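The next block holds one structure in the form of structure tokens; read it before the comments.
The values are calculated or read from the model by the stated rules, or taken from the named source; none is laboratory data. All figures in this text were calculated on a predicted structure; none of them were measured in a lab. We place every Cβ from the backbone using ideal geometry, glycine too, and count neighbours over all the protein chains shown. With ligands, DNA and RNA removed, areas are computed over all heavy atoms of the protein, side chains included. Shrake-Rupley method; radii C 1.70, N 1.55, O 1.52, S 1.80 Å.
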2 protein chains.
Amino acid sequence: MTAVPDDQRLARAALTYLAEPGDRVLGPLLGSCDPAALVAGIRAGHLPEQVPALPGRRPDAISQAVRHWRARLAEVPDESDLAGFGRDGIRLICPGDAEWPSQLDVLGDTAPYALWLRGSADLRYSCLRSVSLVGARAATAYGSHISAEIAAALAERGWTVLSGGAYGVDGAAHRGALAADGATVSVLACGIDDPYPRGHHDLFDAIAAQGVLASEWPPGRTPTRLRFLIRNRVIAALARGTVVVEAAMRSGALNTARYARDLCRPLMAVPGPVTSEMSAGCHWVMREWGAVVVTGVRDVLDEVAAVGEDGHGMAGGPVVPRSELDPVTLRVLEAIPARGGAGPATIAVAAGVDVDATVGCLGSLAAGGFVQRGPRGWKLASQVPPAAGLRMLD
Amino acid sequence: MTAVPDDQRLARAALTYLAEPGDRVLGPLLGSCDPAALVAGIRAGHLPEQVPALPGRRPDAISQAVRHWRARLAEVPDESDLAGFGRDGIRLICPGDAEWPSQLDVLGDTAPYALWLRGSADLRYSCLRSVSLVGARAATAYGSHISAEIAAALAERGWTVLSGGAYGVDGAAHRGALAADGATVSVLACGIDDPYPRGHHDLFDAIAAQGVLASEWPPGRTPTRLRFLIRNRVIAALARGTVVVEAAMRSGALNTARYARDLCRPLMAVPGPVTSEMSAGCHWVMREWGAVVVTGVRDVLDEVAAVGEDGHGMAGGPVVPRSELDPVTLRVLEAIPARGGAGPATIAVAAGVDVDATVGCLGSLAAGGFVQRGPRGWKLASQVPPAAGLRMLD
């Protein structure tokens, strides 16, 4: 089912416990060392001799880092604990897994060691055609409205909405995507067993049911300001482009925007009243970083969609060829009606696949543009509605 | 007092009656023919033989144009009528006059034949350091507020505010400049004896008292939609840069914006809510024409002010050297107190210049950055206040 050997998966799981994401020693080491050998070395108190020196770092940088990592050795769960996570719907994906989003490679030495996931959708499929909407926690009614509107319009066109799960712009973006029966991905700065903020408990459950929660931090970890900032690079790297919906001058959303800019991903911002401090950050990234002014979903798709993709007056279509689907997913796909709709249980029977696996496949198929959820259940994806009306009214 | 011979001035006055501004035959002819000879030819029914053929035009284009122009011959006033305008405070300026704004030369064949003016300020001095604020007649409260705010902030820094005198954004811009004791110029699409709209009667009187009204059309002409559009090129050409404050997608302000872009003058736009149709034109010019996002006066000055000019944390200063002032203006300048302030009558006595001429000189001096009007009357211009606070709060 996967090309990643168990010892490497276990080692990467352990590394998410031992080191903070983006660690400036561990990242470069992972580029040249086997994760299992690294973890064994950490447990032994000294890394294998073949570990290279890190350019531009003091000679004792590695031994010092190892001492820090060893402080958390007791927190690393054993194999049976990890199996327990699986029973809670939590899975771990690593580089090399089919679900690993290869666009994270652009992060180089700061790429995640692994990702903890919870939810029905396939992360890689979901992110192939995705936009991140980010912005202020203290969003105004205007910002929340625009965030939900753009998210819903993206979802209607088969695009996945990425965000960070926070109050304000993030929450409105997730809700907008969910309301349009779309996939949405929440990238968290804490363990996905207890997503922050707790006031979004029901929202996170809804995201897991229809999309996916993702985190670099293992279950049990709580968020910190620094973790939010480190997390933001993953939001920027996963999505094709980033939209700042509403942001004050010191908003963390500008940190995500900077990552998007530095990664050369399309950076967009929604204008607002110049009298609103919550739009000042948007106008600033337009002026200073050349963020593109977007007033609606058409403008966003102008930046992120390739010619022939959704939102450009052409029919939408799957983002991966049917031939690349695994046999189980293909059986589920062939059990889905073209019209009307069917519930997961009906589809499971028709496909001869158990219900849990069917739900997972449906998430992947939705994110891949093959199927969509309508009022009467799941059905094959319809043509994307042609662009109507003026761009400005979108 | 002027280098323009009387016969040429009379001829150009006549041309403003005979032809519409921007006439595609008259403009090119004026580039190579003497205006007095042209008018004599129109009166005679045929132009002098040395008139060149117009490239790209039918051979009879000129004779046809002459027939059109002759239809209005009866409207051309004689010399005594023109003197009557002078008694009403209306003056005519022509290319070659000291008050002629030479930046109009960029309009080439479509430059105005002459300009009718009413008001105390010197048009050329006023426009040396000017910004045009344009936008929707049906401005929202937001647009009117921002227009007045930016206009007042420009005026406080010694910049002249240009606009078109209409309801909405235009009126708010003029009022904002007047409220800050600044110079403002209204470029009209009708005769300045009866400025349109009549609901702005008091505003136009205030502009004439503290700034200047300008028109390419002679007294008595009423505005038409086409005249507004032709007028817009003059607004764009007179100012250093143009700001679209609020505009719907079909707003005439976008026509002014297009002229500014085509003339390679800085084009700016104020963002607003994407839910407001009145900001849709602003966002459109940002996206399509690269209009710079401006959120306040600091952003505007970033585009139009040269290094060392007002608004860049340096002291403001006159835009022309003192040595270029004419002797009467210089006497008025030397009669103005550095502190407190004095009324025009007091200054007139001190300078030994009659009151009417003193008022005119004060307008020129204010526009030139030499003097300013305060609560206690006219005084020498103070240093421009240093930039304070965050750009975004401007």
Volume per residue that the Cα convex hull of the stretch B:192-264 spans, once the total is divided by residue count, Å³
112
Distance between the C-alpha centers of the stretch A:121-160 and the stretch B:203-259? Whole Å please.
42
Which shape class applies to the stretch A:120-196: rounded if a/c is under 1.5, otherwise prolate when a/b exceeds b/c and oblate if not, where a ≥ b ≥ c are the square roots of the Cα gyration tensor eigenvalues?
oblate
Pairs of Cα atoms under 8 Å, at least six residues apart: use those to get the relative contact order of chain A, whole percent.
14
Cα pairs beyond 14 Å in the stretch A:102-155, in percent, come to 68
HN-Hα J in Hz across the stretch A:72-88 - Karplus 6.51, -1.76, 1.60, θ = phi - 60°, x for Gly and Pro
10, 4, 5, 7, 5, x, 8, 4, 6, 4, 5, 4, x, 4, x, 5, 8
Grab the beta carbon distance between B:Ala209 and B:Arg339, set R0 = 30 Å, and tell me the FRET efficiency rounded to 0.05.
0.80
Tell me the mean residue ellipticity at 222 nm calculated for the protein assembly as shown from its helices only (DSSP H runs of n ≥ 4, each -39500 (n - 2.57), averaged over every residue, nearest 500).
-12500 deg cm²/dmol
dims of the stretch B:1-138, Cα set, principal axes, largest to smallest, nearest Å -> 43, 35, 35
If you bin every alpha carbon distance in the stretch A:224-277 into 10 Å steps from zero, what whole percent lands in each bin?
26, 52, 21, 1
Karplus (6.51, -1.76, 1.60) ³J(HN,Hα), θ = phi - 60°, over the stretch A:220-227, in Hz, Gly and Pro reported as x:
x, 7, 9, x, 10, 4, 5, 5
In Å², nearest 100, what accessible area do chains B and A bury in total when the solvent probe is 1.4 Å?
2000
When chain B is treated as a Gaussian network with springs between alpha carbons less than 10 Å apart, the largest mean-square fluctuation among B:Ile62, B:Ile207, B:Ile230 is found at B:Ile62
How large is the accessible surface of B:Thr346 in square angstrom, using a 1.4 angstrom probe and rounding to the nearest 10?
90
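In the stretch A:219-298, which trypsin sites (Lys or Arg not before Pro) are in a loop and have at most 14 other Cβ atoms within 10 Å, using DSSP for the loop call?
Within the stretch A:219-298, the qualifying trypsin sites (Lys or Arg not before Pro) (loop, at most 14 other Cβ atoms within 10 Å) are A:Arg250.
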Which of rounded, prolate, oblate describes the stretch A:232-310, given a ≥ b ≥ c as roots of the alpha-carbon gyration tensor eigenvalues and a/c under 1.5 marking rounded, otherwise prolate only if a/b is larger than b/c?
oblate
The protein assembly as shown, dipole about Cα centre (Lys/Arg Cβ +1, Asp/Glu Cβ -1), debye to the nearest 20
240
Karplus-derived 3J(HN,Hα), 6.51/-1.76/1.60, for each residue of the stretch A:99-112, Hz, glycine and proline x:
8, 6, x, 5, 5, 5, 4, 4, 6, x, 4, 9, 5, x
Which of the listed residues, A:Pro195, A:Ile235, A:Val245, is farthest toward the dipole's positive end in the stretch A:118-246, when Lys, Arg count +1 and Asp, Glu count -1 at the beta-carbon?
A:Ile235
How large is the dipole of chain A about the Cα centre if only Lys and Arg carry +1 and Asp and Glu carry -1, each at its Cβ, rounded to the nearest 20 debye?
660
Three-way shape call for the stretch B:83-217 based on the alpha-carbon gyration tensor, with the a/c threshold at 1.5
prolate
For the stretch B:330-378, fraction of C-alpha pairs farther apart than 17 Å, in %:
19
Heavy atoms of the protein only, probe of 1.4 Å, neighbouring chains included. What is the accessible area of B:His283 in Å², nearest 10?
0
At B:Gly340, with labels set 7 Å past Cα in the Cβ direction, how many nm apart are the copies from this one, shortest first?
9.6
Using modelled amide H (1.01 Å from N, peptide plane; none on Pro or chain starts), what sits under 5 Å from the amide H of B:Asp193, excluding residues fewer than 5 places away?
B:Gly220
Calculated log₁₀ intensity ratio I(q)/I(0) where the Debye formula runs over C-alpha points of the protein assembly as shown, q = 0.05, 0.08, 0.10 Å⁻¹
-0.40, -0.78, -0.97
Can you list the residues, at least 5 places off or on another chain, whose amide H is less than 5 Å from the amide H of B:Glu246, using H built in the peptide plane?
B:Ala136
Show the residues, 5+ positions off or on another chain, whose built amide H is closer than 5 Å to the amide H of A:Trp378.
A:Ala342, A:Gly343
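With the Cα gyration tensor of chain B in hand, give its eigenvalues times 5 under a square root as the equivalent ellipsoid semi-axes, listed largest first in whole angstrom.
34, 28, 18
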Over the stretch A:132-268, what is the relative contact order in percent, taking alpha-carbon pairs closer than 8 angstrom and at least six residues apart?
26
Work out how far the C-alpha atoms of the stretch A:178-306 reach from end to end along every principal axis, then list the three figures in whole Å, largest first.
41, 32, 29
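What are the semi-axes of the equivalent ellipsoid for the stretch A:1-78, taken as the square roots of 5 times the Cα gyration tensor eigenvalues, largest first, in whole Å?
For the stretch A:1-78, the ellipsoid semi-axes come out as 20, 15, 11 Å.
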